[in-house]
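Below is one structure, written out as structure tokens, with a few remarks after it.
The values are calculated or read from the model by the stated rules, or taken from the named source; none is laboratory data. What you are looking at is a predicted structure, and each value in this text was computed from that prediction instead of being measured. Reconstructed Cβ throughout: ideal geometry from the backbone, glycine too, with neighbour counts over all protein chains shown.
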Amino acid sequence: MAVSRRKFISGSGLVAASVAAFPHIARPADAAATRSGQKPSKIIHLVADGMSLATLSMADQLAHLSRKRGLAWLDLHRRAGAHHGLMDMRSLSSLVTDSSAASSSWGSGSRIVNGTVNILPDGRELTTLYELFGQAGWKRGLVTTTEITHATPAGFATKGLKREAAESIATQYLDRGVEVLLGGGRKFFDKTKRKDKRDVYTEYRVKDYALLNESADLAAAPLDKRWLGTFAASHLPFTVDHTHDTKLAKSIPTLAAMTQRALEKLARHERFILQVEGGRVDHGCHMNDAAAAFFDQIAFDEALEVCLEFQRQHADTLLVITTDHSTGNPGLNGTGLRYGLSPLLFSNLLEVKASFSEILKKLSPPEERDKKPEPVTDPAKIAAIIKEAIGYEITPRRAKLLVPFIKKEGEPIYNLMNTLTCQLGQLMANYTGVGWTSGAHTSDYVPISAIGPGAERFAGFIQNTDVFRHYTNLAGIDFRNPESPLVGAVSPDSGILSPHWMA
Ligand SMILES: [Zn+2]
């Protein structure tokens, strides 16, 4: 994108066409909190990655059981001044988006092919939200429970890549000078782990970044420096593992703690934009692991509470809360006489002490440098490992059904269930009542809520690309990226069914 095409206009009067196309329905109670036309000087974009409406519902139900209090996101539905809508997240190449095309649609206002980051099929790179906001003088932050180089944070600040290019994403953040980077993914910065052996940590330090490795570093981080916090080699642990391991709980911060500190730092500046991602909700759903997904959704909600408190103190803050797609579409199924067994089964989630990810390490241990560990195939041992992690006593016959999947020789009835974790998910459905459609993303329209100046733009039915237009417009930035037409730009087998999907 040529620099000359970038044009900034401060002030108002740049209402995007999409706003006019989807006017919100005015509610009388809204007037006090968010008068139409007000503009924020702080924007917080919260994403619970891979969250279906059922995940939100069941996390709320589980929160009532585990902490006697529901979710703040649902409380927001009762609050005057908050606006709510649904959003179509489809990508250029499919009705079912992946996280990189989803985040890029918000980050550039242009739909792209799944698996890529801010680049059109013809190779044209897209200008990102964080480049535009940086040039307009806004500070920028990315906070996530995944690797910081993962698709959702990457979509706001990096471009011209495949989503797997994590090493390049790590250096693009540095090129852009993103002020706050907190998450996992040490291996993409460490010269001993990077393929190109580049000493990226030192490059960050030279550019005045404080390097943070654990909770204590975050608590003591100097507010006048930029921050790169990488708190794990890869993703941060699932909440269910984090809370049951005192060592992890002490050394690795929660999403709420990272968000709190990011806001303390960014609030020193007049204008900032921050993305906060509960990234492992998606991973729990991919694995069909209800406890991993729902406890991470609750942890995401605790980060939202931090942001809501910040918004109470800083009325010029726009909060937008959403997800990028649903994953696995879980559901608490009606079981027993008049469905009376469902609540009892659901409460078994409170017995879970470890994620499927931890069970997997025991059933099918990863290869180490000098030894190839044997997968566990003895049904009694399999049952014991599951009982210890989850509290569920399975029969040897059921344990035996898992063996082919442990040995990676399984033959599922439904192809998309061909993983050990999806089989574990089905097994667990007998215990918790929570079943799944697959271990993949789905095409659901996603919920979106907003509060603060500009929130009214996120009501009704909107498109993913509208988010970019609203953010840039609210910041007084006049910029539009090129777009590819949905039909014709992609191959016939890419998921486009008929031209009416272009609407
Ligand atoms: Zn995602």
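Quick rundown of the values:
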| item | result |
| --- | --- |
| Residue within the range 43-63 that is under 18 Å from the mean Cα position of the chain (by Cα), within 16 Å of the ligand (Cβ to nearest atom), farther than 28 Å from HIS314 by Cα and among the charged types (D, E, K, R) present | no |
| Filter result for ALA170 (within 16 Å of the ligand (Cβ to nearest atom), in the same structural domain as GLY476 (by TED's automatic domain parsing) and modelled with pLDDT of 95 or more) | no |
| Residues being polar (S, T, N, Q), closer than 26 Å to LYS39 by Cα and either more than 16 Å from the ligand (Cβ to nearest atom) or not assigned by TED's automatic domain parsing to the domain that holds ALA48 (or both) - total across the range 234-288 | 2 |
| SER100 vs. criteria farther than 22 Å from ALA291 by Cα and touching a strand residue (DSSP E or B) at 6+ places or on another chain (Cβ under 9 Å) | yes |
| Wholly enclosed helices (runs of 4 or more DSSP H) of the range 163-247 bearing at least 2 residues among the hydroxyl-bearing types (Ser, Thr, Tyr) | 166-176, 200-206 |
| Search result, residues across the range 67-125 that are away from the ligand (no atom under 15 Å from the Cβ), without any contact (Cβ under 8 Å) to a residue 60 or more places away in the chain, in contact with a helix residue (DSSP H, G or I) (Cβ under 7 Å, 6 or more places away or on another chain) and part of a strand (DSSP E or B) | none |
